[in-house]
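Here's the structure we're looking at; comments come further down.
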Amino acid sequence: MYMAKKTDPRYFGDKAAARERRRLFEEIEQLEGEIRLAGDTVTLLETQRRERREHKLSLLEARLQRPLAKLGLALASPQDAAQALLQKKLPGLRKAQRLAYRKLRQDLRRKEGLLDREGRMLPDAKDISPAARQQLNDLTAEQQHEQDRMYTELLEKARANRLSDKNRLAKQQRLQQGLAAKEQRLLHKEEALKKADGAYLKAQEKRQQARIDRLGSVLKEKQAQLLRSESQAEHHLPEDVCLRLEGLSMAFGGLKAVDNLSFDVKQGEIFGLIGPNGAGKTTVFNCITQFYKPTAGDIIYRTREGNVLRLNNYDVHKIITKGIVRTFQNVEVIGELSILDNLLIAAHPQYLSSLGQQIFNTRRVRQEEMVIKQRANRVLEYCGLSAIKDLPPVGQPYGVLKRVELARTLMAGANLIILDEPAAGLNDQETVELTRLIRQIQKDYGVTIFLVEHNMGLVMDLCDHICAISFGKKLAYGTPQQIQNDQLVQDAYLGTSDAQELEVIA
């Protein structure tokens, strides 16, 4: 029930059947991507219209508030009015004062021979003399006096312009009427914008729904063709299994890193692969993702849509398009880009535009970019990274980098997430937070998680089933409790006694 990239007589009788099945898979994936893009486009338009409406209302409110602010300033106490005016004038004054301070400091340094011709401090230069430092302190005190004088002048001016009781009452009435008129106008404007946006979004939703229906009918036809093609398959993957390894072996010359390994990973579970250093755990990951082509055995995988594939027949760059995403023992992020851009790069398989459309940056390309960026922002918010999304990952705590990697797997549209030692390098608190996040991802996104980890506390607390291996061979498979009580696993981790070794030799 899985396709073959090349002629595979175990599952198909001829090359034509294999090519036909591969073509159907690719067309189905393209249609599913188009349908998802159409659905996300409606959500994007809703967000854009809401932000546009809020922006217009804020501009209108600022314009209506300007004359009312003058009335409020006239009605305020002299102290409050002087303070409000001072806050408007202070930024410009402080900027000029900072420039004056820097100019004096540079002049003093040059006078004392502390600068080179280009105005930079000499390598062996010391601080300026006490007399020069005193001049700088005097300038700072003078600048503070200047700010105080400005406030005093503004306060005297506010007291001189204080309103009489009659004028104050009239301005208070004008202010109240203006505030009421402002609220009424904002309310009417908001209603008008909502009405216009509602009509626009309804038309766009109808348009996108028609496209979804059209693509859906084609998708059903392709899926029916695929089901007819699957009748040729000799093997079937159980509905509750996401990944199956059958007799997997990987040899490097005379060294067998993985030796006839078989197990199932159930759909939607957290599965752990454990073993001592050098047991072949990372090699298993590399075989699943086709970094290594297995020497023998089959790797069978069920996609989110229910299609069953034989991963041996895929190139490594095609694995991510099937919903299999992995992390590495070392954090692999692009330090020169922002965290948001790292996620956008992970979404590259989701771009459906052709090369020509990308070259000319067509409307479809721009729409795709906006939709995918919106998806990235949702993932960043989910992982608690929104506040630092525009910062580069370089210099971030190691726990944050691990969350960036997890966010990147979600951004890639993962169905099976493979984590290679996710808790390596984390402290106890970061490990607890990572465990909570992994469990939450498995629950909210409905993904299957396959991990390798040396932290046995994390593995036993997190995993539903565990497979223990040693020297590439399976020792045990079962629940965490069964693995803990297995004698072979205990011997592999803790070793055997001398008496047991002599017994084995005998």
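The values are calculated or read from the model by the stated rules, or taken from the named source; none is laboratory data. Here the structure is a predicted model, which is why all the values come from computation and not from measurement. Glycine also receives a Cβ, built like all others from the backbone with ideal geometry; neighbour counts cover every protein chain displayed.
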Exercise for the section: May I ask you to verify whether Lys266 is surrounded by fewer than 16 Cβ atoms within 10 Å (Cβ to Cβ), assigned by TED's automatic domain parsing to the domain that holds Leu391 and in contact with a strand residue (DSSP E or B) (Cβ under 8 Å, 6 or more places away or on another chain)? Expected result: yes
Practice task
Test His465 against the criterion of being modelled with pLDDT under 90, under 24 Å from Ser249 (Cα atoms) and of a type outside the set (S, T, N, Q), and give yes or no.
Solution key: no
Handout entry: segment 409-452: number of residues that are touching a helix residue (DSSP H, G or I) at 6+ places or on another chain (Cβ under 7 Å), outside any helix (DSSP H, G or I) and not small (Gly, Ala, Ser)
Key = 8
Completion exercise
Among (1) over 45 Å from the mean Cα position of the chain (by Cα); (2) at pLDDT 95 or above, Leu57 falls short only on (1)
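Yes/no matrix, rows are residues, columns are (1) more than 14 Å from the chain's Cα centre (by Cα); (2) crowded, with 17+ Cβ neighbours inside 10 Å; (3) modelled with pLDDT under 95:
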position: Thr282; (1), (2), (3): yes, yes, yes
position: Asp298; (1), (2), (3): yes, yes, yes
position: Gly306; (1), (2), (3): yes, no, yes
position: Arg366; (1), (2), (3): yes, no, yes
position: Pro393; (1), (2), (3): no, yes, yes
position: Tyr398; (1), (2), (3): yes, no, yes
Practice task
For Lys256, state whether it is in contact (Cβ under 8 Å) with a residue 12 or more places away in the chain, farther than 30 Å from Ile441 by Cβ, touching a Phe, Trp or Tyr at 6+ places or on another chain (Cβ under 9 Å) and of a type in the set (D, E, K, R).
Solution key: yes
Exercise for the section: Can you tell me which residue among Ile345, Ile339 is under 19 Å from Ile417 (Cβ atoms), surrounded by fewer than 19 Cβ atoms within 10 Å (Cβ to Cβ) and at pLDDT 90 or above? Expected result: Ile345
Practice task
Among the residues of segment 363-378, write down those that are within 16 Å of Ala412 (Cβ to Cβ) and without any contact (Cβ under 8 Å) to a residue 12 or more places away in the chain.
Solution key: Arg378
Completion exercise
Thr409 fails exactly one of (1) loosely packed, with under 15 Cβ neighbours inside 10 Å; (2) modelled with pLDDT of 90 or more; (3) among the hydroxyl-bearing types (Ser, Thr, Tyr), namely (1)
Handout entry: Residue check for Asp240: of a type in the set (Asp, Glu), surrounded by fewer than 14 Cβ atoms within 10 Å (Cβ to Cβ) and within 30 Å of Gly72 (Cα to Cα)
Key = no
Practice task
Search segment 291-308 for residues that are assigned by TED's automatic domain parsing to the domain that holds Glu246 and pair each with any residue that is in a loop (DSSP other than H, G, I, E, B) and small (Gly, Ala, Ser) when their beta-carbon atoms are under 7 Å apart and the residues are at least 6 apart or on different chains.
Solution key: Thr303/Gly323; Arg304/Gly323
Exercise for the section: Would you check if Ala387 is buried (at least 17 other Cβ atoms within 10 Å of the Cβ), out of contact with any Leu (no Cβ under 6 Å at 6 or more places or on another chain) and at negative phi? Expected result: no
Practice task
Assess whether Phe252 counts as being assigned by TED's automatic domain parsing to the domain that holds Gly384, modelled with pLDDT of 95 or more, of a type in the set (A, V, I, L, M, F, W, C) and surrounded by fewer than 20 Cβ atoms within 10 Å (Cβ to Cβ).
Solution key: no
Practice task
Considering only segment 256-280, state which residues are more than 26 Å from the chain's Cα centre (by Cα) and among the acidic types (Asp, Glu).
Solution key: Asp259, Asp264
Exercise for the section: Determine the pairs where a residue that is in the same structural domain as Arg52 (by TED's automatic domain parsing), located within segment 187-211, has a partner that is among the β-branched types (Val, Ile, Thr) and at pLDDT 95 or above with Cβ atoms under 7 Å apart, the partner being 6 or more residues away or on another chain. Expected result: none
Handout entry: Options Gly278, Gly384, Gly356; residue that is small (Gly, Ala, Ser), within 25 Å of Glu27 (Cβ to Cβ) and either assigned to a helix (DSSP H, G or I) or modelled with pLDDT under 95 (or both)
Key = Gly356
Practice task
Look through Pro91, Pro130, Pro67, Pro123 and report the one residue that is in contact (Cβ under 8 Å) with a residue 24 or more places away in the chain and either closer than 30 Å to Ala196 by Cα or exposed (fewer than 11 other Cβ atoms within 10 Å of the Cβ) (or both).
Solution key: Pro67
Problem - Checking Arg159 against (1) touching a residue at least 24 places away in the same chain (Cβ under 8 Å); (2) part of a helix (DSSP H, G or I); (3) touching a Leu at 6+ places or on another chain (Cβ under 9 Å), the condition it does not meet - result: (3)
